[in-house]
Amino acid sequence: MTERPASDTVPSDRDEAARANAAQARAATMAPGEVGAPDLELVYETGVEIKARSQWAYARMRFLRHRLAVASLVVLVILGLVAIFAPEIAPYSYDAIDLDNLNQSPTLSGWHLFGTDQLGRDYLSRVIFGLQTSLWVAFVVALLSTAFGTALGAVAGYYGGWIDNLLMRFTDLILTLPGLAVLLTAARFFGQGDVNVDLGPLSFVMPQPLVIGIILAFLFWTGIARIVRGLFLSLREKEFVEAARAAGAGDLRIIVRHMLPNTVGPIVVNATLVVASAILVEAALSFLGFGIQPPKAAIGSLIADGQQQGIQTWWLVTFPGLVIVIICLAINFVGDGLRDALDPTQRRTRA
Amino acid sequence: MPEAVLSIRDLTVEFDTEDGVVHAVTDVSWDLYPGEVLGVIGESGSGKSVSLLSILGLIPMPPGRIVRGEAVFKGRDLLKLSGRELRQIRGGDIAMIFQDPMTSLNPVLKIGDQIAEAILAHNPRLTKEEARRRTIELLSLVGVPGAEQRYDQYPHEFSGGMRQRAMIAMAIANSPSVLVADEPTTALDVTIQAQIIEVLRTAQRETNAAIVLITHDLGLIAELADRVVVMYAGRVVEQADVLTIFDSPRHPYTIGLMKSLARLEREQEWLEPIPGQPPSLITLPPGCAFHPRCLHSRGRARCRSEVPPLREIGEGASHLSACHFAEELTGAQYTAGAGVERGT
């Protein structure tokens with residue numbers, strides 16, 4: 001039922017009741033003869049809707065006050081859309097060759113805004129397609145590592161004891177691996193192209209970005225696992241968890257329904273930051289030639305191609321580099337904004 | 001007398017700690033009858049909460065350990081049930097109200113959803129809509145105004161009293177036959193306490209549940225309880241109906257509690273505290289655990305050597321005391337409290 005304005009000509013029962021209550025309240029609190037304040041009366045008769053504001057509504061308000069984060073989010077959304085609609089937006093295909101314009105510096109003729117490389121491929125198009133690959137990899141990494149890390153950390157933190165010990169020692173083991181060396185080895189074996197997965201009845205082709213994403217996720221889940229474990233360790237001592245248990249909730253219900261929602265803030269923040277570092281690491285892999293293979297483009301491999309040509313063709317390193325810087329900066333700002341917004345202990349945004 | 005809905009026998013709970021074994025609850029026995037309010041009183045650490053949490057499987061094990069005893073609820077021993085069976089009972093037939101409503105509600109879930117979830121957990125056949133309607137009924141019942149709108153609010157939008165009402169609504173959601181209220185008013189303002197007592201009464205009328213009221217607030221006991229179990233250092237030291245406990249307590253500890261209570265109708269210049277500290281539950285004093293603080297023992301050897309059993313004394317079978325010399329404690333100088341001793 002919605003609130004009726006006071007001017008409504010057909011008074012509902014509820015309005016009547018409210019008016020009667022208001023009259024009673026006035027009679028009770030006021031000396032006889034005293035005239036009630038008119039705005040008070042108005043409040044009574046229109047009724048003040050107490051709007052239930054969820055944690056999310058508060059978080060959204062706090063986030064929107066964070067201007068840099070909002071601007072960064074806009075930038076990210078635009079870049080994301082460009083990546084998704086790369087075939088429609090890019091003026092050329094990533095491997096289209098324009099023999100009339102080899103090593104062309106940025107120019108308006110032929111819309112080579114970012115110039116062309118020594119094969120005459122349009123660099124704007126290659127950056128756009130590279131962006132698509134890189135974001136796709138980063139998204140896979142963030143999704144997989146967050147899901148796996150959260151599940152593992154939650155189980156470790158909730159049950160504690162030997163389960164915690166086992167899972168956390170496993171986490172430590174992964175952390176002790178020399179990251180780049182493992183990545184290069186894994187990428188050398190699995191990441192040199194699309195992978196045919198043959199599991200009897202279940203056979204499919206995994207596109208290369210997905211393979212690279214899975215390899216990266218293998219190293220990226222440890223951080224989130226530790227964070228979630230820590231949060232669960234403190235959450236499980238909370239009284240509302242005991243209350244849920246006393247109300248007959250089982251372990252899974254307590255973990256998923258009562259504890260996980262309390263950890264969403266840090267998890268989301270961490271996931272955004274994982275996206276940023278995944279982009280950087282994927283770029284590093286591609287730069288070293290172990291990532292996405294040509295002629296497909298990835299931001300990292302574009303920079304690698306460019307640096308081989310020397311300083312004369314400065315546009316070949318500058319533009320893909322700029323894109324990486326912009327994305328990572330924007331993601332970090334959004335992460336900052338989210339952290340401030342999702343921290344329930346904080347009611348005001350920092351300036 | 002009707003059959004007890006919950007009867008605890010010789011319940012003994014220990015905790016293994018680095019400093020030694022904590023004897024949290026030792027040989028506790030009592031019966032709870034349908035529709036009554038059983039008050040369990042005692043100082044912090046006297047085992048009142050642990051005894052109830054342990055039979056519901058809510059103490060961490062390890063380090064906790066139920067050494068012996070049984071807790072028969074509707075013909076079944078709760079201590080022998082599997083985790084799944086116990087979960088069915090928790091929140092269903094036996095529900096709990098916790099001390100601090102500020103921390104017992106999940107801050108990120110809507111109040112209504114939390115109550116509805118408790119309903120759905122025990123009635124999987126209900127639809128969400130039915131659970132919502134029932135929740136709103138319950139919220140109105142415990143005196144939350146505008147329950148329809150309040151359903152969608154979060155705990156931080158509720159005041160302490162309103163939260164405790166919501167907790168009570170959640171506890172009675174599945175019409176339990178036993179309601180365990182663990183210090184339900186301790187965290188609240190005095191004015192709110194009176195309201196919550198009223199809500200508890202309503203809740204009991206509505207569900208006809210037997211209530212176990214764990215508290216150290218004697219005022220709350222006087223207000224609500226029918227019978228009282230007094231605990232000290234993990235043991236039951238006295239048990240009687242509420243009038244008997246207040247009028248003629250027969251254990252020096254209970255007498256000490258009564259004397260330390262501020263009363264308006266008497267002119268008291270000082271409250272009389274019980275001397276000393278509660279004993280360590282790791283190294284309990286030999287014999288009667290209360291003897292080092294007891295004003296009545298007067299150094300008698302028996303108090304130091306022999307653990308006094310809980311036995312029937314005096315008028316009728318309903319008054320039990322665990323003092324070797326309970327019969328000596330009938331004089332007016334004990335029951336009338338400080339006033340008499342000051343010679344008025």
| Measuring from label point to label point, each 7 Å out along Cα→Cβ, what is the B:THR186 to B:GLU137 span in nm? | 3.4 nm
| Relative contact order %, region A:292-336, counting alpha carbon pairs below 8 Å whose residues are six or more apart | 30 percent
| query | For all pairs of alpha-carbon atoms in chain B, what percent lies in each bin of width 20 Å, listed from the first bin to the last filled one? | reply | 29, 55, 15, 0
| said: Could you work out the relative contact order of chain B? I mean the mean sequence separation of Cα pairs under 8 Å and 6+ apart, divided by the number of residues, in percent. | reply: 19 percent
| request: Calculate the radius of gyration of the Cα atoms of region B:125-177 to one decimal place, then report Dmax, the largest Cα-Cα distance, as a whole number, both in Å. | output: 10.9, 33
| Once the Cα atoms of the protein assembly as shown are picked out, what are the Rg and Dmax in Å? | 34.7, 118
| task | Hey, could you get me the Stokes-Einstein D for region B:46-98, Kirkwood radius over alpha-carbon pairs, 20 °C and 1.002 mPa s, rounded to whole µm² s⁻¹? | result | 184 µm²/s
| task | May I ask you to derive the FRET efficiency for B:MET61 and A:VAL256 from their Cβ-Cβ distance with R0 = 25 Å, giving the value to the nearest 0.05? | result | 0.60
| task | Provide A:TYR159, B:TYR154 in ascending order of the number of other Cβ atoms located within 10 Å of each residue's Cβ, fewest first. | result | A:TYR159, B:TYR154
| remark: The residues A:GLU242, B:GLU238, sorted from fewest to most surrounding Cβ atoms within 10 Å, come out as A:GLU242, B:GLU238
| message | Need one number: nm distance between label points at B:LEU271 and A:GLN309, each 7 Å from Cα along Cα→Cβ, rounded to one decimal. | response | 8.6 nm
| Residue order, fewest to most surrounding Cβ atoms within 10 angstrom, among B:THR12, B:THR330 | B:THR330, B:THR12
| What does the highest-first list of B:222-232, B:184-194, B:160-170 look like by mean Cβ count within 10 Å? | B:160-170, B:222-232, B:184-194
| query | When each pair of different Cα atoms in region B:1-158 is counted once in the 1/r mean, what is the Kirkwood radius in angstroms, to one decimal? | reply | 17.9 Å
| query | Given a Förster distance of 25 angstrom, what is the FRET efficiency for B:VAL21 paired with B:GLU85, based on the Cβ-Cβ distance and rounded to 0.05? | reply | 0.30
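Values quoted throughout were computed directly from the atomic coordinates according to the rules given, and no laboratory measurement underlies them. Everything numeric here is computed off the predicted structure, so don't read it as measured data. FYI the Cβ positions are ideal-geometry reconstructions off the backbone, even for glycines, and counts take in every protein chain you see.
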